[in-house]
1. Classify the range 3-171 as rounded, prolate or oblate from the Cα gyration tensor: take a ≥ b ≥ c as the square roots of its eigenvalues, call it rounded if a/c is under 1.5, otherwise prolate when a/b beats b/c and oblate if not.
2. Using Cβ contacts closer than 10 Å as the measure, can you line up GLU133, GLU30 from fewest to most?
3. Neighbour counts of other C-beta atoms within 10 Å: give me LYS126, LYS132 arranged from fewest to most.
4. Per residue of the chain, what 222 nm ellipticity follows from adding -39500 (n - 2.57) for every DSSP H run with n ≥ 4, rounded to the nearest 500?
5. Fewest Cβ neighbours within 10 Å first, please rank TYR59, TYR170 accordingly.
6. Once the other residues with Cβ under 12 Å from the Cβ of GLY146 are scored (Lys, Arg +1; Asp, Glu -1), what is the net sum?
7. Within 10 Å, count the other beta carbons around each residue, average over each peptide in 158-167, 36-45, and list them highest first.
8. Which of the peptides 7-16, 108-117 is most tightly packed, and how do the rest follow, judged by the mean count of other Cβ atoms within 10 Å per residue?
Amino acid sequence: MLQKYLITAEPSYMQLRKYRPEFALYRNKETSEYAFHAQNFLQMTQNIPNLKAFLHRDYELADRLNAKGVHLTSSQFESIEKAKALGLEVVVSTHTKEELLNAERLGADYVTFSPIFSTPNKGKPKGVTVLKEIVNATSLKVIALGGIVTEEHIKEVEESGAFAFASIRYFY
């Protein structure tokens, strides 16, 4: 069954209860008080059954606040082993097969692969055919990301064999 990965800069308990994602990522690139808001996010998520809460980029903060894991960017491959050493689950953003294989070699637990569909400011979509190739090229759990906003998109991603889909707009 395809799992759900909610990405949010403005988490809401009602949103989490409505969609019941298996994963939730607090990602807010705009705030100067990320640690404060991340702590509030983690408190909000702690009583939601079967939800793994992740923080964006900062594996040390994720460890300090007892997040389940960290979602690293495609420029943070050097942090995978450090995050794993702290006992965190690690998601790494990837956009190519080479990045995917590098994340696998370094011990990531999951990768996002994007963009699958058209999404603002993220470049040309890779499409579901390439997603299937990526899923078949690795033992990692692949999370499809990018432009997933409709039930038809979700169905196509599920048919690709991906482990999960991640989205911001779908959940709003």
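Taken together, the values in this text are just the output of simple stated rules run on the coordinates, not laboratory data. Everything numeric in this text was worked out from a predicted model, so none of it was measured. Positions of Cβ are generated from backbone atoms using ideal geometry, with glycine treated the same way; all protein chains shown enter the neighbour counts.
1. On the way: a/c = 1.70, a/b = 1.22, b/c = 1.40.
Oblate is the answer for the range 3-171, as a/c is 1.5 or above yet b/c matches or exceeds a/b.
2. Numbers: GLU133 14, GLU30 6.
Taking fewest neighbouring Cβ atoms as first place, the list is GLU30, GLU133.
3. LYS132, LYS126
4. Details: 7 runs with 61 residues, N = 172.
Only helices count here, giving -10000 deg cm²/dmol.
5. Working: TYR59 23, TYR170 18.
Fewest-to-most ranking of TYR59, TYR170: TYR170, TYR59.
6. On the way: positive: LYS122, LYS124, LYS126, ARG169; negative: none.
For residues surrounding GLY146, the net value is +4.
7. Values: 158-167: 20.5, 36-45: 17.4.
Per-residue Cβ counts within 10 Å, averaged per peptide and sorted highest first, yield 158-167, 36-45.
8. Working: 7-16: 15.0, 108-117: 24.0.
Per-residue mean Cβ counts within 10 Å order the peptides as 108-117, 7-16.
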